[in-house]
């Protein structure tokens, strides 16, 4: 598999909705969020919002949103 270009959205609901739509055409779709400062490049660890497909082992350990 080869990753697509990430798509930024404005909120969690949009991310989950887009992931669901893309999952009809893609073998693995992951929606996640990160908080941080794009000016400095400092970001917190990503938090998994939604996943469709078989997650690779390293992503299975990602913190999940409650």
- Of the numbered conditions (1) farther than 15 Å from residue 3 by Cβ; (2) touching a residue at least 12 places away in the same chain (Cβ under 8 Å), residue 41 fails exactly one; give the number of that condition. (2)
- Of the residues in the stretch 3-31, those that are part of a loop (DSSP other than H, G, I, E, B) and touching a helix residue (DSSP H, G or I) at 6+ places or on another chain (Cβ under 6 Å) number 1
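Since every read-out is calculated from the coordinates, none of them should be taken as a lab result. Small disclaimer: the values here were computed from a predicted structure and weren't measured. Every residue, glycine among them, receives a Cβ derived from its backbone with ideal geometry; neighbour counts consider all protein chains shown.
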